[in-house]
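Read the structure below first, then the notes.
The values are calculated or read from the model by the stated rules, or taken from the named source; none is laboratory data. In this text the structure is predicted, and so the values were computed from the model without any measurement. Positions of Cβ are generated from backbone atoms using ideal geometry, with glycine treated the same way; all protein chains shown enter the neighbour counts. Keep in mind that these areas ignore ligands, DNA and RNA; they rest on the heavy atoms of the full protein, side chains included. Shrake-Rupley method; radii C 1.70, N 1.55, O 1.52, S 1.80 Å.
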Amino acid sequence: MIRLYNTLTRKKEELQTLEPGIVKMYVCGPTVYNDAHVGHAMSALVFDIIRRYLEYRGYRVRHVMNYTDVDDKIIQRANQMGIDPFALAQKYIEDFNQNLEDLNILPATSKPQVSKTMPQIIAFVQGLIERGYAYPTPSGDVYFRVTKDDDYGKLSGRKLEEMQAGARIEVGEEKQHPMDFALWKAAKPGEPAWDSPWGKGRPGWHIECSAMNLAELGEQIDIHGGGNDLIFPHHENEIAQTESYTGKPFARYWMHNGMLQLGGEKMSKSLGNIISIKEFLSKRDADVMRMLVLNGSYRAPLVFNEETLDAAEKGLERLKSALRPAINKSADSTADAVVALPAAIQTVETAFTEAMDDDFNTAGALGALFDFVRAINTARDAGATESQLRPAQDTLRKLTGVLGLRLTEKRGAGDADKFIELLLEVRTEARKQKLWALSDMIRDRLKELGVIVEDSREGSTWRYS
RNA sequence: GGCGACGUGGCCAAGUGGUAAGGCAAGGCUCUGCAAAAGCCUGAUACAUGGGUUCGAAUCCCAUCGUCGCCUCCA
């Protein structure tokens, strides 16, 4: 039984899908006008991990992630650069897809774009007007009428009366209520625009997700996800639109990831304290970012700095250490630590699942995995053979794989391997002759070249650092 | 000002009523020519502070302090 925290009820609830065995999940994607940053990576990783785990538990996941490719900022930036806004958006969509692939994030089963969903959006707005939930203005805008929606504010825990004080109305707006928000904006000169019953214009921010959800997944979905900075107003407004339109509850579970913290505050485009995914990946392995996310709780802020990244990287090394080959090449061992391995497999499977079932407690799951790593390493040291180690290592690979970790050893150019082997042979000979200075030099120089040499009683081993 | 989340050892962090997982860092040890790796051991007189409920609380309630998010575009 999987339990997950629902922002709407502020409680953990048992996962009950609309259709047995199928999870319909919609996650808000980025507005594509510049390089995606590691905060986007966190969000994408969180929902990738959730998806992978749901699939591991036997669900088929219909995973939709949208691209907002029609937006003020895109238009603004494109105008500055003197290029077509659609071309700009397309470039960043492709970049983001590449980022996701580099981060080992499974591609969403569907990736709709606003610019390709225009008829559905217009129909949606039209439907809201017909039902009395929206109204056009003389200048060609269309607003959602919040006073008509009696439970407006239920997701973010706000009441209309309380919000009015701080609300601001721009000069020239024709809202009937300060909190009314735009479903459709009349076109300004030089902007991309689409024909509509209200004249040329383009959609407001929130309506696109409602329309794409409806088009891709239907009137009701299981999980709606995104960063917790989207709770208000974006998701609040989405609920208002969709439920007013369909008359049915929209998403069963609202899931929100916490914000990535850089230097004590949220990383965001508007604050300008950004590290792009590309920049991150030029310095660290993709698994490091994932490990950082796994070590924490997806709902809590994530501390992102050199220290936590180093810790994540070392933790990764530790997981990998269990996958190193057996030392004992002869007969099977009967040492206690080796005999205990099958039981450890059972233990880790159970502990892993229990943790993950409880609102995707990845930190707890990692704890179980690290215990298992110790069991494997102890067994190896105690003399387990390859065949004795393999089932446990397979289990570790399987479970870390569920979390989306690759645990790949770094590879150099393949043809270097035999020369490294040759150097090690020479070094082994040098060691036999107690030529310590020479053998240390070989080891040091190889280390500088990214090859780690380790000696043991059974001989020397090497791997890329 | 309003709404919400959170405050656990040097750092990251699990645990939401029964007596503190795990990782990183640190110190000691085993192994070892040295180094590294792996393994073992050591560490929170009690989980922001002050009250309260309870046989019993990090875990529930209240207050205080602090941090963060949202209230405007934002994953």
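Can you compute the charge dipole magnitude of chain A about its Cα centre, using +1 on each Lys and Arg Cβ and -1 on each Asp and Glu Cβ, nothing else charged? Give it in debye, rounded to the nearest 20.
Approximately 580 debye in magnitude.
Ignoring ligands, DNA and RNA, please state the percent of accessible area on the range A:3-283 from carbon and sulfur, probe 1.4 Å.
48 percent
Could you report the accessible area of A:Glu19 in Å², rounded to 10, computed with a 1.4 Å probe on the protein chains as they sit in the structure?
Using a 1.4 Å probe on the heavy atoms, I get roughly 80 Å².
For A:Gln346 and A:Arg57, calculate 0.36 nm times their separation in residues minus their Cα-Cα distance, and state this gained length in nm to one decimal.
Gain in length upon complete extension: 102.4 nm.
Can you put A:Leu449, A:Leu128 in order of accessible area, largest first, using a 1.4 Å probe?
A:Leu449, A:Leu128
How much accessible area per residue does the range A:305-402 have, counting only protein heavy atoms and a probe of 1.4 Å, in square angstrom?
Result: 47 Å² per residue.
Roughly how many percent of the accessible protein surface of the range A:305-402 is carbon and sulfur, given a 1.4 Å probe and a whole-percent answer?
With neighbouring chains kept in place, the figure for the range A:305-402 is 53 percent.
Once R0 is set to 22 Å, what does the formula 1/(1 + (r/R0)^6) return for the Cβ-Cβ distance between A:Ala87 and A:Glu279, expressed as a FRET efficiency to the nearest 0.05?
So, using R0 = 22 Å, E works out to roughly 0.40.
Between A:Arg397 and A:Phe232, what FRET efficiency follows from the Cβ-Cβ distance if R0 is 45 Å, with the result rounded to 0.05?
The calculated FRET efficiency here is 0.60.
Using a 1.4 angstrom probe with every protein chain in place, what is the largest-first accessible-area order of A:Thr246, A:Thr408?
A:Thr408, A:Thr246
How large is the Kirkwood hydrodynamic radius of chain A, in angstrom, based on all distinct alpha carbon pairs?
About 25.2 Å for chain A.
Which of the three applies to the range A:363-465, rounded, prolate or oblate, going by the alpha-carbon gyration tensor with a ≥ b ≥ c and a/c under 1.5 meaning rounded?
prolate
Under 17 Å from a point placed 7 Å out from the Cα of A:Ser456 along the Cα-to-Cβ direction: which residues of the range A:365-400 have their backbone N that close?
Only A:373-394 pass the distance filter.
Of the beta bridges DSSP finds with both residues in chain A, what % are antiparallel, to the nearest 5?
50 percent
Roll a 1.4 Å probe over the protein heavy atoms and report the accessible area of A:Met1 in Å², nearest 10.
120 Å²
Farthest toward the dipole's positive end in the range A:305-402, which of A:Gly367, A:Leu396, A:Gly383, given Cβ charges of +1 (Lys, Arg) and -1 (Asp, Glu) about the Cα centre?
About the Cα centre, the residue reaching furthest to the positive side is A:Gly383.
Probe of 1.4 angstrom, ligands and nucleic acids ignored: what's the accessible area per residue over the range A:49-143, in square angstrom?
I get 43 Å² per residue for this part.
With each run of n ≥ 4 DSSP H residues scored as -39500 (n - 2.57), what mean residue ellipticity at 222 nm is computed for chain A after dividing by its residue count and rounding to the nearest 500 deg cm²/dmol?
-14500 deg cm²/dmol
How much length is gained if the chain between A:Gln16 and A:Asp417 is pulled fully straight, taking 0.36 nm per residue apart and subtracting their Cα-Cα distance, in nm to one decimal?
Stretched fully, the A:Gln16-A:Asp417 segment lengthens by 139.2 nm.
Put +1 on the Cβ of every Lys and Arg and -1 on every Asp and Glu Cβ in chain A; which of A:Asn305, A:Leu18, A:Ala326 then has its Cα farthest towards the positive end of the dipole?
Result: A:Ala326.
Tally up the carbon and sulfur contribution to the accessible surface of the range A:414-464 as a whole percent, 1.4 Å probe, everything protein left in place.
Whole-percent figure for carbon plus sulfur exposure: 56.
Between A:Ala311 and A:Asp371, what is the FRET efficiency for a Förster distance of 30 Å, r being their Cβ-Cβ separation, to the nearest 0.05?
So the FRET efficiency works out to roughly 0.95.
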